[in-house]
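Okay, so here's the structure we're looking at.
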Number of protein chains: 2
Amino acid sequence: MVTIKQIAERLGVSISTVSKGLNGASDISPELSQSILDTAVEMGYQTKRMKRADSKKLCIFVSNMDYESANHFAYDVILGFKQAAFRDNWSVTTLPITYHFQDKEKYDTFMLKNGYSGAFFLGFSLLDAWINQLENTTMPTVLLDNYIKANPHVAYVGTDSSEGIDAAIEHLVSLGHRKIAFLNGSPHSMITELRQQAFLDSMNEHNIPIIPTLVANGRYDAESARDYVPAFLEQGATAILCGTDVIAYGVLKECDRLGYRVPQDISIIGADDLPLSAHLNIALTTIRQNRVQLGKLSYIALDGVMNQVPISKTLLRPQLIVRNSTAKVVDR
Amino acid sequence: MVTIKQIAERLGVSISTVSKGLNGASDISPELSQSILDTAVEMGYQTKRMKRADSKKLCIFVSNMDYESANHFAYDVILGFKQAAFRDNWSVTTLPITYHFQDKEKYDTFMLKNGYSGAFFLGFSLLDAWINQLENTTMPTVLLDNYIKANPHVAYVGTDSSEGIDAAIEHLVSLGHRKIAFLNGSPHSMITELRQQAFLDSMNEHNIPIIPTLVANGRYDAESARDYVPAFLEQGATAILCGTDVIAYGVLKECDRLGYRVPQDISIIGADDLPLSAHLNIALTTIRQNRVQLGKLSYIALDGVMNQVPISKTLLRPQLIVRNSTAKVVDR
């Protein structure tokens with residue numbers, strides 16, 4: 001166990017100075033305070049608060065995402081995490097984090113100061129400063145949909161794209177579809193690339209020729225459908241698989257605008273199963289990520305990392321939910 | 001909760017007959033008994049023993065593997081599993097399972113009869129009858145190094161080949177190696193294929209040309225080194241990455257036989273970090289799978305599946321252990 005004395009020796013300062021630094025006292029310079037906190041983290045020091053069993057605290061940091069309402073993707077993920085953590089007597093705080101806050105305060109420092117034993121990152125992108133700090137953090141951390149190489153303290157949690165997309169293709173093939181288009185999300189994202197590869201693999205496995213002009217990277221919004229769907233339909237696509245439900249909403253609208261009926265003329269499949277998707281005029285067939293389970297799995301992974309099991313990644317099985325936006329192919 | 005009455009109604013037999021079937025009584029036919037057990041499993045029936053908290057039981061089934069001595073791969077995996085399960089008050093039984101036994105008794109039936117809540121499969125191959133039954137089992141099951149598609153009750157646990165092989169290539173590149181050979185294990189194995197892909201990806205990422213004649217599938221033994229190493233050396237390979245430590249033992253021996261010094265003339269890297277590898281004459285640089293952690297992760301995954309979190313796969317981070325079998329490249 002690392003002691004305050006050891007930190008003091010390493011830094012060549014007094015024990016009382018280290019104590020001040022760890023407790024955020026105002027009578028030492030911010031630079032020294034930061035250096036004490038950094039050293040404490042580097043040496044694996046735990047605050048008394050972290051050691052006391054009656055104040056076991058975890059934190060969920062949320063960036064770029066809403067989570068207050070049950071319609072938001074993150075809402076149920078957070079719920080699932082809390083449910084699983086509760087079983088092990090953790091108290092969990094949810095904190096929305098801005099870019100500005102991340103620039104002001106280092107991740108490890110924030111964790112140590114506040115006595116958190118581990119954290120779950122939701123919605124973070126490469127633009128978030130804390131993501132880059134995860135390469136070297138010693139804080140047990142779980143990250144949704146992002147992978148940090150080689151750091152044993154950080155685990156990646158996500159959904160198995162490969163299995164979900166394969167189930168979607170299998171469903172379409174069983175309905176007689178062969179001209180299957182894929183409108184994926186924005187390029188340069190790990191999730192986009194995983195879904196792209198999963199699509200190509202599954203098409204190959206089902207012996208369906210891949211027509212390059214039927215595969216496109218749009219954006220993670222409903223609007224990019226207008227840029228691709230007309231060409232898909234002109235080329236005779238009978239089904240469009242979409243990178244997310246939100247993309248599928250745009251595709252539904254665009255097909256409607258062009259006078260194609262869903263599912264009679266064209267089948268559409270989304271991914272995620274957002275709360276709205278079951279309640280559209282044409283209820284969406286989609287690859288469900290069970291958000292509560294995803295939250296639970298994130299806690300399970302964090303529990304592993306906190307117990308010195310360096311998890312690289314752990315993936316949830318998705319589930320194909322068949323609703324009204326897919327049907328048997330009819331020759332046009 | 002499913003009751004004995006419901007099972008009786010489904011089968012059109014009396015409650016006492018179902019009770020006899022579940023308890024293995026000898027005065028009903030084996031066929032009827034099997035059918036009762038099958039139906040109970042299918043309907044998600046839990047025996048009283050499974051429900052009683054004071055007899056929480058898990059089982060580790062071992063096939064095709066030794067595990068009694070600390071030199072065996074499975075020994076520490078089992079230890080890690082038991083350590084993690086102990087934390088949650090499970091009692092764990094380890095059972096070696098023969099092909100004959102698997103043919104005689106169905107997996108689900110065995111689990112139900114013996115009151116096990118979940119199981120961990122170690123060393124199973126496609127020749128094991130129980131592996132094929134995992135596609136439809138409703139028993140929470142975790143499988144080391146094998147993936148079962150789409151069944152939410154079965155999770156795959158393994159080591160992240162991609163990260164381990166990338167660390168090995170990075171190490172070799174940092175030592176100046178560019179003519180890197182890869183002697184992988186037997187073809188038609190998921191692990192072999194994952195390692196093969198990881199090798200190709202990492203070589204590409206490091207901008208090292210892949211020479212097809214320097215990449216080979218041997219077998220998972222020490223003897224196949226004789227079939228490939230002479231050609232690797234003739235072609236000027238300065239390093240040989242091996243699919244397992246056992247393959248590396250063969251490569252070390254073969255290099256010695258051909259008069260090549262390790263690591264002066266040729267660098268060798270294994271994978272697994274078997275207990276023996278640190279104690280060879282030339283201690284082996286290798287990609288470690290931490291076996292205790294692998295066991296712990298397997299329990300963590302089983303715990304998830306038992307709590308209705310359908311884990312597809314979960315991977316442990318490997319670690320490159322640098323010893324004496326690798327060194328800076330010297331032009332020959």
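General remarks:
- Inside the stretch A:244-261, residues that are surrounded by fewer than 22 Cβ atoms within 10 Å (Cβ to Cβ) and touching a strand residue (DSSP E or B) at 6+ places or on another chain (Cβ under 6 Å) make up a count of 0.
- So B:ASN290, is it surrounded by fewer than 24 Cβ atoms within 10 Å (Cβ to Cβ) and under 22 Å from B:PRO187 (Cα atoms): no
- Flag if B:PHE86 is at pLDDT 90 or above and of a type outside the set (Lys, Arg): no
- Given (1) within 26 Å of B:ILE36 (Cα to Cα); (2) more than 14 Å from every other protein chain (Cβ to nearest Cβ); (3) outside any strand (DSSP E or B); (4) in contact with a Pro (Cβ under 8 Å, 6 or more places away or on another chain), number of the condition B:PRO152 does not satisfy: (2)
- Residues being at pLDDT 95 or above, over 10 Å from B:GLY304 (Cβ atoms) and crowded, with 24+ Cβ neighbours inside 10 Å - total across the stretch A:296-314: 4
- Residues of the stretch A:59-78 that turn out to be over 15 Å from the mean Cα position of the chain (by Cα) and either under 13 Å from A:ILE300 (Cβ atoms) or touching a residue at least 12 places away in the same chain (Cβ under 8 Å) (or both), as a count: 3
- Among the residues of the stretch A:69-90, the one identified as among the hydroxyl-bearing types (Ser, Thr, Tyr) and surrounded by fewer than 13 Cβ atoms within 10 Å (Cβ to Cβ) is A:SER69.
- Pick from the stretch A:22-32, criterion more than 33 Å from the chain's Cα centre (by Cα) and part of a helix (DSSP H, G or I), ranking: surrounded by the most Cβ atoms within 10 Å (Cβ to Cβ): A:LEU32
- Failed condition for B:GLY259, given (1) within 18 Å of B:LEU175 (Cβ to Cβ); (2) free of Cβ contacts under 8 Å to residues at least 12 places away in the same chain: (1)
- Considering only residues in the stretch A:115-149 that are in contact with a strand residue (DSSP E or B) (Cβ under 7 Å, 6 or more places away or on another chain) and within 13 Å of chain B (Cβ to nearest Cβ), the one that is modelled with the highest pLDDT turns out to be A:VAL142.
- Residue match in the stretch A:232-241 (condition: farther than 21 Å from A:LEU200 by Cβ, modelled with pLDDT of 95 or more and away from every other protein chain (no Cβ under 14 Å)): yes
- Meeting the requirement of 2 or more residues that are within 14 Å of chain B (Cβ to nearest Cβ), the strands (runs of 3 or more DSSP E) wholly within the stretch A:267-332 are A:285-288, A:311-316, A:319-321.
- The set of residues from the stretch A:222-250 being of a type outside the set (Ser, Thr, Tyr) and not in a helix (DSSP H, G or I) comprises A:ALA222, A:GLU223, A:GLN235, A:GLY236, A:ALA237, A:ALA239, A:ILE240, A:LEU241, A:CYS242, A:GLY243.
- Scan of the stretch B:307-332 for residues that are more than 20 Å from the chain's Cα centre (by Cα) and of a type outside the set (Val, Ile, Thr), ordered by number: B:ASN307, B:GLN308, B:ARG323, B:ASN324, B:SER325, B:ALA327, B:LYS328, B:ASP331, B:ARG332
- Verdict on B:LEU95 being surrounded by fewer than 19 Cβ atoms within 10 Å (Cβ to Cβ) and in contact (Cβ under 8 Å) with a residue 12 or more places away in the chain: yes
- Matching residues in the stretch B:162-191 - criterion: being surrounded by fewer than 19 Cβ atoms within 10 Å (Cβ to Cβ), within 14 Å of chain A (Cβ to nearest Cβ) and either of a type in the set (D, E, K, R) or not in a helix (DSSP H, G or I) (or both): B:GLU170
The values are calculated or read from the model by the stated rules, or taken from the named source; none is laboratory data. As the structure is a prediction and not an experimental result, all values here were calculated from the model. Quick reminder, even Gly has a Cβ in these numbers, built from the backbone with ideal geometry, and neighbours come from all protein chains shown.
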